[in-house]
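Reviewing the structure listed below.
The values are calculated or read from the model by the stated rules, or taken from the named source; none is laboratory data. These figures come from a predicted structure and were not determined experimentally. Quick reminder, even Gly has a Cβ in these numbers, built from the backbone with ideal geometry, and neighbours come from all protein chains shown. We work out accessible area using only protein heavy atoms, side chains counted, and drop any ligands, DNA or RNA first. Shrake-Rupley method; radii C 1.70, N 1.55, O 1.52, S 1.80 Å.
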Amino acid sequence: MTVNVNDSLHNTNTIVTVDRGVDVVVVDEETPLLSSSSSPSSSSSTPKIQKATPLPKLQIAIVLMLQICEPVCSQSIYPYINELVSTLDIVKGDEKKIGYYAGLIESLFFATEAMTVLQWSRVSDRIGRKPVLLLGLVGTILSMLSFGLSRTFWALVVSRCLCGLLNGNIGVMKSAMGELTDPTNQARAFALMPVIWAAGGSLGPLVGGSLSRPADRFPELFGAQFWKEYPYFLPCLATAAFTAIVLVTTIIWFKESNPKKAYRRKRATSGSSEATLIDDSYNDSVDGISGEADGKPLPLRSILTFPVVISVLNYVTLAFLNISANALMPLFFHMPIAMGGLDLGPVVIGYIMSVYGAGSGLFQILFFVPLVEKFGVRKTFVMSVSTFAPVFMMFPLMSLVAKYWGVGIGVWALLGVVLSLLFLMDTAYGCIFMYVTASAPNKRSLGATNGLSQTTASVARAIGPALSTSLYSFSIQYNILGGYAVYAVLAGLSAGALLLAIQLPHRLWGEDSHDDSEDDENKR
């Protein structure tokens with residue numbers, strides 16, 4: 001076995017030549033995850049365009065099923081949460097206080113998730129992705145059932161905290177997605193994630209709005225006293241049952257994606273490290289040899305490189321502004337017209353949120369890949385983030401139209417504009433997921449990198465709902481800027497997010513600098 005070292009500006013590649021003539025590239029601890037590899041014989045020649053690797057469809061489908069559980073469960077409460085809070089003794093009949101407590105309940109899941117998601121991701125680096133994913137699903141099921149059975153404010157608080165503490169799935173899922181793909185097919189795979197999130201964002205509010213208060217809406221089926229005492233248990237039961245189906249599917253069909261764990265299993269069955277190096281796929285060979293040399297994932301301090309930090313900061317601002325808008329919309333729809341809202345019921349709110357989710361998913365399917373191919377990842381991301389400011393400024397305009405002319409065609413037309421802008425905004429997620437994945441120093445640190453990004457994003461998502469809904473109530477209560485100060489604050493923060501977005505590099509870290517020039521040559 002011979003070892004050759006090839007140093008370059010951005011990475012260090014080690015070429016291990018096995019006796020049978022098989023070259024395996026081991027990525028050094030400081031190598032960007034998406035960096036291209038080269039052998040000694042071709043290091044000085046122009047690299048060839050790689051053919052896209054087929055996606056492992058079943059495994060990708062299961063990861064997407066895991067992902068859809070979070071928006072289905074978390075957003076199913078949006079249509080009725082404000083109505084639920086208004087029935088609690090804690091607000092004492094004062095509708096101006098609804099925003100304070102509704103936002104707090106919406107934020108608690110992300111606040112507690114932020115405390116544990118990084119730890120869950122690092123645990124998944126050691127014991128594998130699958131056990132952590134299964135535990136997260138169990139926690140989601142238990143918390144949704146307890147939420148539906150809660151009749152006091154503090155019982156609602158405990159159930160949301162339970163869900164966040166036991167659920168580290170979102171960061172682990174992104175790690176699994178990164179391990180199941182490579183640079184040739186990663187854009188296709190990551191384009192599916194915002195689509196699935198949008199589908200969950202459509203299904204969740206639809207279930208929550210349609211199944212709330214079943215004793216009033218479907219008395220022939222749900223006329224028992226139980227459904228009158230627990231009017232919001234049915235949507236919680238439905239989402240918990242859906243999550244249980246995903247849990248069983250994951251147990252039966254999902255295969256461990258952590259390369260380190262897969263490598264160890266293959267070594268145990270092959271009986272020879274040389275046979276494993278030859279027969280394993282490229283990804284398993286890379287991580288298997290690296291694991292032998294290193295033995296541990298990188299420490300957290302080593303992960304805090306500039307690519308990771310700037311990618312995570314952009315993800316945080318995106319998550320904050322998005323969750324702020326998502327929490328503000330149902331409150332805005334629920335509040336009386338005199339208090340700056342539209343005075344809509346839970347069913348109508350559920351339908352609107354469902355249209356938002358479905359339309360966003362369809363937009364991602366039709367336009368995400370064409371946009372990235374035409375403008376690049378960075379320009380698409382910047383364009384998407386630029387929609388936040390006009391979105392927030394449309395809310396006071398809708399409110400003024402409703403006050404003067406009622407909730408008619410003018411309000412619905414403006415709402416259509418808001419939803420269209422949000423469809424484009426959601427394309428930012430696919431872009432930033434690619435930046436975060438590409439920024440990881442190596443594959444062994446992918447779980448920790450995604451865990452770090454999800455931890456900080458969860459902090460932002462914890463602050464967003466509480467801040468936006470509380471600012472709404474504060475603006476109304478003290479008549480600041482006519483009750484519209486919340487939108488001015490969020491529009492100002494949106495401008496700051498745009499300034500941060502343009503700091504991203506034009507190319508993903510580790511992309512081959514020759515790819516574009518060779519593509520142009522082939523087109524000629």
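Quick notes
- Calculated P(r) of segment 65-130 - Cα pairs past 14 Å, %: 68 percent
- Accessible surface calculations at 1.4 Å, restricted to protein heavy atoms, place segment 89-173 at 37 Å² per residue.
- Extension gain, Val138 to Leu88, is 15.2 nm, computed as 0.36 nm per intervening residue step minus the present C-alpha separation.
- Listed peptides 229-237, 461-469 appear in the order 461-469, 229-237 once ranked by packing, highest mean of other Cβ atoms within 10 Å at the front.
- Isotropic mean projected area of the C-alpha convex hull, segment 415-479 (nm²): 6.0 nm²
- Set against the 2.2 N^0.38 Å expectation for a compact globular protein, segment 73-181 has a Cα radius of gyration ratio of 1.22.
- Val158-Lys374 pseudo-label distance in nm [points 7 Å out on the Cα-to-Cβ vector]: 5.4 nm
- The portion of the accessible surface of segment 399-463 made up by carbon and sulfur, rounded to a whole percent, is 77 (1.4 Å probe; DNA, RNA and ligands excluded).
- Carbon and sulfur %, accessible surface of segment 105-172 computed with the full protein complex present, 1.4 Å: 79 percent
- For segment 298-341, the per residue solvent-accessible surface stands at 29 Å², with DNA, RNA and ligands left out and a 1.4 Å probe.
- A straight chain from Phe306 to Ala241 at 0.36 nm per residue would run longer than the Cα-Cα distance by 19.2 nm.
- Relative contact order for segment 387-469, counting Cα pairs under 8 Å that sit 6 or more residues apart, in percent: 24 percent
- Sequence ranges 311-322, 380-391, ranked by mean other-Cβ count within 10 angstrom, highest first: 311-322, 380-391
- For Asn185, the amide hydrogen comes within under 5 Å of the amide hydrogens of Thr53, counting only partners 5 or more places away or on other chains and with H modelled in the peptide plane.
- Positive-end residue, segment 417-516 charge dipole about Cα centroid, Cβ charges, pick of Leu467, Gly492, Trp509: Leu467
- Relative contact order %, segment 62-163, counting alpha carbon pairs below 8 Å whose residues are six or more apart: 28 percent
- Calculated P(r) tail over 12 Å for segment 377-430, as whole % of Cα pairs: 63 percent
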